[in-house]
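So the structure is just underneath, and the comments pick up after that.
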Amino acid sequence: MNRNSCLFSGSYFDVSAAAQQDTPNSSWSNISCNWSKFSPGQEIACRNEYVENCIKEINFPDIPNGNGGTYQDLKNKLKDLHQAYIQAFQENCSIATQQKADVKILKNLKNTYTNLTSQYKNLLNSKDNLEKDEKETLADYNLKKESFQKAIHMYTTYFDLNISIEDSSDATIIASVCFASAKTMTPVKVIIDRKEKKIIDIDSKGLLTKEECEDITFGPEFLYYLRQRVLTPT
């Protein structure tokens, strides 16, 4: 049989160059392999053709051989062995295909894991930033809430306030302060420095301590504080 018709000639091995040197001393180093042309189906068909050609060349008479069998039996065994080989080859091809698919899946899983890890780190950073923003927002909210409540009290104090000027001069003002909501309140007499708006003297009727009356400016803060003491005495 010509070597060019061997089972590899239709597959991915190029043996034409080596076949031309079909001598006892010929070299097969010129055999080349192109894996891009490899096809399991083509390879099986090529090997089937090769085995069928080998079987056709066995044309011995169907007579018993020395082992008690016939040459036809040997041909049948050869076919059986060939079929078993083809089956094993197909299984190996399936395993190789599955392995290639598994490698691709593993690569995708690795990329997915890398992406998820990166996203997880970003989420952790976002979580830290959100917690920081939450603290700042809460602190800002509490500050604004306190200021708002204070503004409400100051606003209420302004409309609840009754002030009557009992006497005044270029230096001082003597005023009487009370609140409409405190119907039983005895007016608080206050002497105020006209220029500095500082309280010089105050008859708080026990609503404020001596220390609380020191260095006080007559204004919204003082009136708010006084009203709180009137409405919620300690």
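The values are calculated or read from the model by the stated rules, or taken from the named source; none is laboratory data. The structure presented is a predicted model; accordingly, all values stated were derived computationally and were not measured. All Cβ positions, even for glycine, are placed from backbone atoms using ideal geometry, and neighbour counts span all protein chains on display.
Filtered by the rule that a residue be modelled with pLDDT under 75 and in a strand (DSSP E or B), the stretch 173-187 gives no residues. Out of curiosity, is Ser164 surrounded by fewer than 12 Cβ atoms within 10 Å (Cβ to Cβ), polar (S, T, N, Q) and not in a helix (DSSP H, G or I)? So Ser164 passes the test. Quick check, is Phe159 in contact with an Asp or Glu (Cβ under 6 Å, 6 or more places away or on another chain) and closer than 24 Å to Leu231 by Cα? Judged against the criteria, Phe159 is not a match. Exactly one residue out of Tyr141, Tyr158 is part of a helix (DSSP H, G or I), surrounded by 10 or more Cβ atoms within 10 Å (Cβ to Cβ) and in contact (Cβ under 8 Å) with a residue 40 or more places away in the chain, and it is Tyr158. Each residue in the stretch 179-205 was checked for being aliphatic (A, V, I, L, M), surrounded by 17 or more Cβ atoms within 10 Å (Cβ to Cβ) and touching a residue at least 40 places away in the same chain (Cβ under 8 Å), and 1 of them qualify.
Evaluating Leu208 against the criteria (1) at pLDDT below 80; (2) surrounded by 13 or more Cβ atoms within 10 Å (Cβ to Cβ) leaves one unmet condition, (1). Within the stretch 134-166, being in contact with a helix residue (DSSP H, G or I) (Cβ under 6 Å, 6 or more places away or on another chain) and polar (S, T, N, Q) holds for one residue alone: Thr157.
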